[in-house]
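Each remark here refers to the structure printed beneath this line.
The values are calculated or read from the model by the stated rules, or taken from the named source; none is laboratory data. Everything numeric here is computed off the predicted structure, so don't read it as measured data. We place every Cβ from the backbone using ideal geometry, glycine too, and count neighbours over all the protein chains shown.
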Amino acid sequence: MATPKEMLTTWDKIQFGAVLPSFEDPKTKKRSKFHSYNYKVADWRVEKPVFNPDLCINCDFCWVWCPDSCILVEEVTTKRGKKQAKMVGIDYDHCKGCGVCVDVCPTPIKSLLMFPEHTPIEEALAQWPKKEDKKKD
Amino acid sequence: MKKITNLKEFACTPDRFLGGHRLCPGCAHSMIVREVVNATDDDLVVSTATGCLEVCSAIYPYTSWDVSWIHIGFENAAAAISGAEAMHKALKRKGKLYTDRPVKFVAFGGDGGTYDIGFQALSGATERGHDFLYVCLDNEGYMNTGGQRSSSTPIGAHTTTSPRGRVSYGEKQKKKDITMIMAAHGSPYVATACPSYWKDLAVKAQKALETEGPTFINALSPCTTEWKFKPEETVRIGELAVESCAFPLYEIENGTKLRITYRPKKKIPVKEYLGAQGRFSHLFKKGNEWILDLWQKQVDEYWDYLQRREECGV
């Protein structure tokens, strides 16, 4: 019987009822060149979301509603021994700049905000609204 | 069976529908697909009818899926998945399966591929009793080809084949109730869902996948391009649709037992949902007030009907 790796080479090696992996190497999760993960849609956006880790409460709302799966999370274990996803950043290769993540962010001062594409991240973080600014509005 | 308790745990799931697809920014299709495919750890076989999801997730030579995926014509997503399921069953009986891991079968179709064109294939597959889940991504029109009307388009909506103008007020017919039609087939599990309520959708998808037999989920998919709202408002539009009871969330078991899964705390007037979208903007002009009243009346009547059914347990 053909191995999954052989099955990926030509179509006539595919076995009936086989489950084909979409990875070239399933262990390291290296995706093949035909996976759209290796295609960049970054040039679609005009504004980019910037992530402020100081204000984030790790609610993961942005993860579940991001249409392009470009909220990067990392699995951590809490003090009580429970699994929890911690937000680490944004995948700027696949973000189309729709702004859904900013809209759903629940913190009083949003921990994700849209900035023009050319703004460097350090500059955007420096411009972040403060608590006093919000009270004035 | 995977346990879905809270979002923090759910977010540890490795994604099986990845970025790099060419759906519009802020499209609800990929939200629904991710919430459905992440709801289970089992292997999946997915078939997709022609539509936005298919043309955007499988542009040659790229694919966005980490699961086995079949592309099939507009009309036969349900037929293809029932064939795959029948083959799997036959190979299992003969002991010729490649793996022993459980495999689930899912079909995705747009509302054109479900309400109109693919309806006979879906009806046939449900009648034959194959074990699959059919998810309808209901964006109320043929949005892939530029926004023509379908039988899912609600009354008063502007589409390119039911345009608004001096004489016309947009779509004349009311939305077909596909969920009740599927329930009338005697399907063991039928539900409506909205991606703005992620847990509701994920739990329903899991329940549908665990149920043996043909199951159906009708998921509302707000379309930023043709419903004419800003891309970042997708989640909020879905919430408005459910909170105003224009798209109530319920499930029906065995075609007889209806249960409302989400009750809005305070029902908001349907005007707020319609006013948020550009395709209904002409209804707020002088002379068209009667359509807004008609909308409200239809929504209230349907909500009352659902509540009566739930109370009686039928």
Would you check which residues across segment B:31-72 are modelled with pLDDT under 90 and touching a Cys at 6+ places or on another chain (Cβ under 9 Å) and list them? B:Ser64
B:Arg128 versus (1) of a type in the set (Lys, Arg); (2) surrounded by 17 or more Cβ atoms within 10 Å (Cβ to Cβ); (3) in contact (Cβ under 8 Å) with a residue 24 or more places away in the chain: which is the lone unmet condition? (2)
In segment A:34-60, how many residues are closer than 20 Å to B:Leu23 by Cα, at the interface with chain B (Cβ under 9 Å from one of its Cβ atoms) and either surrounded by fewer than 21 Cβ atoms within 10 Å (Cβ to Cβ) or aliphatic (A, V, I, L, M) (or both)? 8
Selection from segment B:34-61 of residues surrounded by fewer than 21 Cβ atoms within 10 Å (Cβ to Cβ), free of Cβ contacts under 8 Å to residues at least 60 places away in the same chain and within 18 Å of the chain's Cα centre (by Cα) yields B:Cys56
Being among the hydroxyl-bearing types (Ser, Thr, Tyr) and over 21 Å from B:Ala208 (Cα atoms) is the filter here; which residues of segment B:78-121 pass it? B:Tyr98, B:Thr99
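Matching residues to (1) buried (at least 23 other Cβ atoms within 10 Å of the Cβ); (2) within 24 Å of B:Pro264 (Cβ to Cβ); (3) touching a helix residue (DSSP H, G or I) at 6+ places or on another chain (Cβ under 7 Å):
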{"position": "B:Cys136", "(1), (2), (3)": "yes, yes, yes"}
{"position": "B:Tyr142", "(1), (2), (3)": "yes, no, yes"}
{"position": "B:Thr159", "(1), (2), (3)": "no, no, no"}
{"position": "B:Ile178", "(1), (2), (3)": "no, yes, yes"}
{"position": "B:Ala184", "(1), (2), (3)": "no, no, no"}
{"position": "B:Thr192", "(1), (2), (3)": "yes, yes, yes"}
{"position": "B:Leu201", "(1), (2), (3)": "yes, yes, yes"}
Can you run down the residue pairs with Cβ atoms below 6 Å, 6 or more apart or on separate chains, where the first is in segment A:95-111 and acidic (Asp, Glu) and the partner is assigned to a helix (DSSP H, G or I)? A:Asp103/B:Glu232
Has segment B:204-227 got at least one residue that is of a type outside the set (Phe, Trp, Tyr), within 14 Å of chain A (Cβ to nearest Cβ), in a helix (DSSP H, G or I) and buried (at least 24 other Cβ atoms within 10 Å of the Cβ)? yes
Does at least one position in segment B:13-24 carry a residue that is in contact with a helix residue (DSSP H, G or I) (Cβ under 6 Å, 6 or more places away or on another chain), outside any loop (DSSP other than H, G, I, E, B), within 12 Å of another protein chain (Cβ to nearest Cβ) and not small (Gly, Ala, Ser)? yes
I'm told B:Ser123 meets every condition in (1) more than 26 Å from B:Met1 (Cα to Cα); (2) among the small types (Gly, Ala, Ser); (3) not in a helix (DSSP H, G or I) except one. Can you identify the failing condition by its number? (3)
Tally of residues being part of a loop (DSSP other than H, G, I, E, B) and in contact with a strand residue (DSSP E or B) (Cβ under 8 Å, 6 or more places away or on another chain) across segment B:255-299: 3
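Residue-by-condition table, conditions (1) farther than 20 Å from B:Tyr189 by Cβ; (2) buried (at least 18 other Cβ atoms within 10 Å of the Cβ); (3) of a type outside the set (D, E, K, R):
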residue: B:Gly26; (1), (2), (3): yes, yes, yes
residue: B:His29; (1), (2), (3): yes, yes, yes
residue: B:Ile32; (1), (2), (3): no, yes, yes
residue: B:Thr63; (1), (2), (3): yes, yes, yes
residue: B:Ala80; (1), (2), (3): yes, yes, yes
residue: B:Lys96; (1), (2), (3): yes, no, no
Go through segment B:49-92 and count every residue that is more than 14 Å from chain A (Cβ to nearest Cβ) and part of a helix (DSSP H, G or I). 6
Quick one: how many residues across segment A:61-85 are buried (at least 18 other Cβ atoms within 10 Å of the Cβ) and either more than 7 Å from chain B (Cβ to nearest Cβ) or within 27 Å of B:Pro222 (Cβ to Cβ) (or both)? 13
B:Gly156 vs. criteria in a loop (DSSP other than H, G, I, E, B) and among the small types (Gly, Ala, Ser): yes
